[in-house]
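**Student:** Below you will find the structure I want to go over with you.
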Amino acid sequence: MKPNILVGGQAVIEGVMMRVPGAYSTAVRDPKGKIQLKRQKFRSITEDSTVWSMPILRGIASLYEAMKMGMATLQWSADITYPEENSDSLTSRMLDSFTTLFSILLAISLFMVLPIWLTTKLFLIDQGAVLFNILAGSFRIVFFIFYLFLISKIADISRLFQYHGAEHKVVYNFESGENISIKNAQLFPTQHPRCGTSFMFIVLLSAIFVFAIVDTITMHFVGDISIATRLLTHLPLIPLVSGFGYEMIKITSKSNSVFFYFLKKPGIFLQNITTKQPDDNMVEVSIAAIKDAFGDKYEEFLGQEFTAEAIG
């Protein structure tokens, strides 16, 4: 029996990054219309470490690696697409650092601080662990959907979402075992059950469960719980929640049970926002990325079964 393998990636500026066993490649169409490729070898710590290959921990490690890889490839794509803005100056590096810090603070404020604050101020249930986190989690999900909807209206982001759709189509084409081509890839949908959008939705649901348990334990030992206490106990556990969500998406991608079938549906629905129909040129870029990532092993892996990883 052929082993399961990992394949996935993400959309970048005017291109796609594809990750396969042992390597990943980024394909970007430059301002002159030529596809630029950058392939790098890669081996995950989860393949070599007994500790980091354990459930939950493997999710934390994989997500850290994916974020690091994603930021690097996104920066490379920006350098290719906007060469006139590419600069190694101290000012440019400081601006990049400030932008990253601002993004992190915005995410914490929007998806952690604001939901907890609103639930505390609007409802008299701040000492109820389960109900409080159901309502706070509901705010978090609403904010997430609204955030995706708003950014999807930005022209550059909308184009990025088209490349996201191209990535999914090519992954589907590759998984099918059929010859990979623009014509074949375009026959597949843009929504994929292993998408990072679906993963994020499952993480938001997982947070309700995990934080309810944490609040129950906290109130058992310290009594009444405040906004500050919740933030101090919830924020450090975000990696744990993400690791739990990682395990859930592995199960939902493989299971055909009714429960997991309906658990997949919201994530698939949200991809109507985060993926758009790509044109043939975008699909061509995505095909270039996956073929370059596999190199001369492309035919060897064609049509094999895939591990249930988020694919971007």
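**Student:** Limited to segment 174-233, what total is found for residues that are surrounded by fewer than 15 Cβ atoms within 10 Å (Cβ to Cβ) and among the aromatic types (Phe, Trp, Tyr)?
**Tutor:** Result for segment 174-233: 1.
**Student:** Write out, first by first residue and then by second, each pair whose Cβ atoms fall under 7 Å of each other, whose residues are 6+ apart or on separate chains, and whose first residue, in segment 25-46, is under 24 Å from residue 159 (Cβ atoms) while the second is of a type in the set (Val, Ile, Thr) and in a strand (DSSP E or B).
**Tutor:** Qualifying pairs under 7 Å: 26/12; 27/16; 27/35; 28/12; 29/35; 36/28; 38/26.
**Student:** Tell me the residue from 250, 264, 254 that is farther than 12 Å from residue 169 by Cβ, at pLDDT below 90 and more than 17 Å from the chain's Cα centre (by Cα), please. Write out each step before concluding.
**Tutor:** On the way: 250 fails: more than 17 Å from the chain's Cα centre (by Cα); 264 fails: more than 17 Å from the chain's Cα centre (by Cα).
Going through 250, 264, 254 in turn, the sole match is 254.
**Student:** Only residues that are aliphatic (A, V, I, L, M) and touching a helix residue (DSSP H, G or I) at 6+ places or on another chain (Cβ under 7 Å): list them for segment 176-199, please.
**Tutor:** Initial filter on segment 176-199 (aliphatic (A, V, I, L, M)): 180, 182, 185, 187.
Selection gives 180, 182, 185.
Yes/no per residue for (1) farther than 19 Å from residue 63 by Cβ; (2) out of contact with any Gly (no Cβ under 6 Å at 6 or more places or on another chain); (3) in contact (Cβ under 8 Å) with a residue 12 or more places away in the chain:
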{"position": "190", "(1), (2), (3)": "yes, no, yes"}
{"position": "205", "(1), (2), (3)": "no, yes, yes"}
{"position": "212", "(1), (2), (3)": "yes, yes, yes"}
{"position": "216", "(1), (2), (3)": "yes, yes, yes"}
{"position": "219", "(1), (2), (3)": "yes, yes, yes"}
{"position": "223", "(1), (2), (3)": "yes, yes, no"}
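**Student:** Quick check on segment 41-50. Is at least one of its residues out of contact with any Lys or Arg (no Cβ under 7 Å at 6 or more places or on another chain), hydroxyl-bearing (Ser, Thr, Tyr) and surrounded by fewer than 18 Cβ atoms within 10 Å (Cβ to Cβ)?
**Tutor:** Yes: one or more hits.
The values are calculated or read from the model by the stated rules, or taken from the named source; none is laboratory data. Everything numeric in this text was worked out from a predicted model, so none of it was measured. Methodologically, a virtual Cβ is constructed for each residue, glycine included, from the backbone with ideal geometry; neighbour enumeration extends over all protein chains shown.
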